[in-house]
Amino acid sequence: MSLASEPAAQPSRKSKSSLSRWGSPALGLLLPLGLAVGWELAVRAGWSNGRLVPPPSVIYATFAELAKTGELQRHAAATLARVVSGFGIGVIVGTVLGAITGYSMLVRRFIDPSLQALRAIPSIAWVPLFILWLGIFEASKVTLIAVGVFFPVYLGVMAAVMSVDRKIVEVGRAFRLSGFKMVRRILLPAVLPAYITALRSGLGLGWMFVVAAEFMGASEGLGFLLVDGQQLGKPAQIVAAIVAFALIGKVTDWLIVGISTPFLRWEDRFKSPAAQD
Amino acid sequence: MLTLEHVGKTYSNGVHALADINFSVGPGEIVAIVGGSGCGKSTLLRAISGLDTPSTGRVVLDGEAVMQPHEKIGIIFQEPRLLPWLSVAGNVGFGLEDRPKAERDARVAEALTRVGLSDKAGVWPRELSGGQAQRVAIARALVPRPEVLLLDEPFSALDAFTRVDLQDHLLSLWADTKPTLILVTHDVDEAVVLADRIMVMKPRPGRIFDEIQADLPRPRDRQSSAFDRVRRHVMAALDRSLSRSGHNSNAETDPSGAALWW
Ligand SMILES: Nc1ncnc2c1ncn2[C@@H]1O[C@H](COP(=O)(O)OP(=O)(O)O)[C@@H](O)[C@H]1O
Ligand SMILES: [Mg+2]
């Protein structure tokens, strides 16, 4: 083993760092796991009937049951479809408007004040209007999600384009880049880190707004499971739907991070994972 | 041949930065431009590079007016300005996009060897020291083989040892293809070490005040008396360029006052 030839201090330092690397996430899991196990035991011991706060085993059973009948998949797919369409629309509009307003001061002066004023309205307040305009079916829901996604993306892209370093752009000009080549070789890579951050906050809002949208009356979707669970007094179904939200939300966020990571290895970040190569 | 014909620049805020600059620089010549802060050196260099256009007059390269950045003109800024999302090799090859990959790789590798950074080809710019980053910037500007290379105080942010090291690097790179070099500096020693000819500028509006030949043999010995003579000459000219009227009585004999010029 090559370790044998290394100084004696090396292995001990390594093991210490790996301990702190694995130690901290495990530490974070301790509290929720402890609570879950504790609650489970409390219900089994008969200290509580667990009717309003179902123990983990009941939640798991509900989750498994919903998954077995295909209900869970159907509702999750409906919700995911709404988020994906709303996110897509919000991202496209937000990116285009953000890029234009970031690039042109004239356009920024012209439309940014109006958009900022609209942003001051809590987006849920639009719901009655969207329902009047677009009906109670998919269109109003997707629109609400798109509005939620739009603002963080728009703001993020505008700020990113505005803050592209003039000196770096000048390097592009000195190499006679213009138009599309300038965008591809200088502007796009320069705004990418901020863009990914904007997409992630947009996605987060998208997941928040889909719940609001599905509360307003839906015949399917994870939000429907929540409302249904409340009306029929099935707390385990509510928690199962919440767990499904958390899982799918996290997975979609991971997708963005995973897809973008190879393009962002250059970033000079504090504790960037790429800094170890 | 690079020629400046009556080049003047007035910025849109009314600052009259340059007035009637005329000079020619031959192929392979090294010209240093020195002058007080704010006397228009950067403005002049940007006008030559085509990044800015002069308000009057024109810059002519080989009979062709320079109106925008030109493929025969390279520029090195005070900061390295490397693109953080490209590796060192990617930065050096930035100006060779349109060449076949094999040629690009070969020229990048050669340039990196010449600046002593072939072992850094794959690393990100964030991992370089200031001197290494500026060497990459030099390689990037030279790799497309420009006829004219412009340098705006390229070494002023570096410590004295690194600066001398990079001056040597620059000279050895210059010797490969002998482009025209126009170097703005506020380091008189740097000007005398590198240049064949030293232009002293005078501020408000910026114009050429004096022109000093530095025809010393190369490589130049910073300790020699001939070197010192040219340096004193340049410093005296700088002092005079900054005195408002004709009061230049002791500037010629007292070069120590010149230390205050920038
Ligand atoms: N973009 C600009 N807009 C307006 N004035 C400028 C600009 N750039 C430089 N100036 C002015 O022009 C003069 C010359 O500046 P500069 O060429 O940068 O001088 P130097 O490089 O010799 O220090 C200064 O008075 C400066 O304030
Ligand atoms: Mg300057």
Worksheet item: With axes computed from alpha carbons, what is the tilt in degrees of helix B:101-114 against the longest principal axis of chain B, rounded to the nearest 10 within 0 to 90?
Response: 50 degrees
Worksheet entry | Rounded to 5, percent antiparallel among DSSP beta bridges of the protein assembly as shown | 50 percent
Fill in: Solvent-accessible area buried by A and B, counting both chains, probe 1.4 angstrom, square angstrom
2100 Å²
Worksheet item: When the helices in chain A are scored as -39500 (n - 2.57) per DSSP H run of 4 or longer and the sum is shared across all residues, what 222 nm value do you end up with, to the nearest 500 deg cm²/dmol?
Response: -25500 deg cm²/dmol
Worksheet item: Within 10 Å of each Cβ of A:173-180, how many other protein chain Cβ atoms are there on average?
Response: 6
Worksheet entry | Normalised contact order of segment A:121-230, rounded percent, pairs of Cα under 8 Å and 6 or more residues apart | 34 percent
Worksheet item: By average Cβ neighbour count within 10 Å, what is the ranking of A:145-152, A:92-99 from highest down?
Response: A:145-152, A:92-99
Discussion item. Can you find, among B:227, B:108, B:137, the residue sitting farthest towards the positive end of the charge dipole of chain B, where Lys and Arg contribute +1 and Asp and Glu -1 at Cβ?
Written reply: B:137
Worksheet, complete the sentence: Most packed first (mean Cβ within 10 Å per residue), the peptides A:242-251, A:27-36, B:220-229 order as A:242-251, B:220-229, A:27-36
Worksheet item: Which percent of the accessible area of the protein assembly as shown is formed by carbon and sulfur heavy atoms (probe 1.4 angstrom)?
Response: 63 percent
Worksheet item: What does the charge count near residue A:141 come to, summing +1 for each Lys or Arg and -1 for each Asp or Glu among other residues with Cβ under 12 Å from its Cβ?
Response: -2
Fill in: Within-11-Å neighbourhood charge of residue B:86 [Cβ basis; K, R +1; D, E -1]
+2
Worksheet item: Once a ≥ b ≥ c are taken as the square roots of the eigenvalues of the Cα gyration tensor of segment B:146-190, is the result rounded (a/c under 1.5), prolate (a/b larger than b/c) or oblate (a/b not larger than b/c)?
Response: oblate
Worksheet item: Which percentage, to the nearest 5, of the DSSP beta bridges contained in segment B:1-151 is antiparallel?
Response: 75 percent
Worksheet item: How do B:103, B:71, A:65 stack up against each other in accessible area, from largest to smallest, with a 1.4 angstrom probe?
Response: B:71, A:65, B:103
Worksheet item: Normalised by the residues of chain B, what does the relative contact order come to in percent, with Cα pairs under 8 Å and at least six apart?
Response: 24 percent
Practice prompt. First obtain the Kirkwood hydrodynamic radius of segment B:75-173 from its Cα pairs, then insert it into the Stokes-Einstein equation at 10 °C and 1.306 mPa s, and state the resulting D in µm² per second as a whole number.
Written response: 119 µm²/s
Discussion item. Of the candidates B:135, B:207, B:126, which one comes out as most mobile in a Gaussian network treatment of chain B with C-alpha springs shorter than 10 Å?
Written reply: B:126
Worksheet, complete the sentence: Shielding of A:161-171 by other chains, given as the mean Cβ count within 10 Å, works out to 3
Worksheet item: Using the C-alpha atoms of the protein assembly as shown, what convex hull volume per residue, in cubic angstrom, is computed?
Response: 252 Å³
Worksheet item: Roughly how crowded by other chains is peptide A:195-208, in terms of the mean Cβ count from those chains within 10 Å of each of its Cβ atoms?
Response: 0
Worksheet item: How much space per residue, in cubic angstrom, does the convex hull of the C-alpha atoms of segment A:40-117 take up?
Response: 157 Å³
Item to complete: Classify segment A:52-276 as rounded, prolate or oblate from the Cα gyration tensor: take a ≥ b ≥ c as the square roots of its eigenvalues, call it rounded if a/c is under 1.5, otherwise prolate when a/b beats b/c and oblate if not.
Response: oblate
Worksheet item: What does the charge count near residue B:142 come to, summing +1 for each Lys or Arg and -1 for each Asp or Glu among other residues with Cβ under 13 Å from its Cβ?
Response: +4
Discussion item. Tell me the accessible surface of residue B:49 in square angstrom (1.4 angstrom probe, heavy atoms of protein chains only), to the nearest ten.
Written reply: 10 Å²
Fill in: Cα-centred dipole magnitude for segment A:165-213, charges only on beta-carbon of K, R (+1) and D, E (-1), debye, nearest 20
320 debye
Worksheet entry | Rounded to 10°, Cα long-axis angle of helix B:130-142 versus longest principal axis of chain B | 80 degrees
Discussion item. Can you list the residues in segment B:30-77 whose accessible area drops by at least 50 Å² when all protein chains are present, compared with the chain alone? Use a 1.4 Å probe, heavy atoms only.
Written reply: B:51, B:69
Fill in: Heavy-atom accessible area per residue - the protein assembly as shown, 1.4 Å, Å²
52 Å²
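The values are calculated or read from the model by the stated rules, or taken from the named source; none is laboratory data. Note that the coordinates shown come from a computational prediction; the quantities given were computed from them, not determined experimentally. As a convention, Cβ positions derive from the backbone with ideal geometry for all residues, glycine included, and neighbour counts pool all protein chains shown. SASA here: full protein model, heavy atoms, side chains in, ligands and nucleic acids out. Shrake-Rupley method; radii C 1.70, N 1.55, O 1.52, S 1.80 Å.
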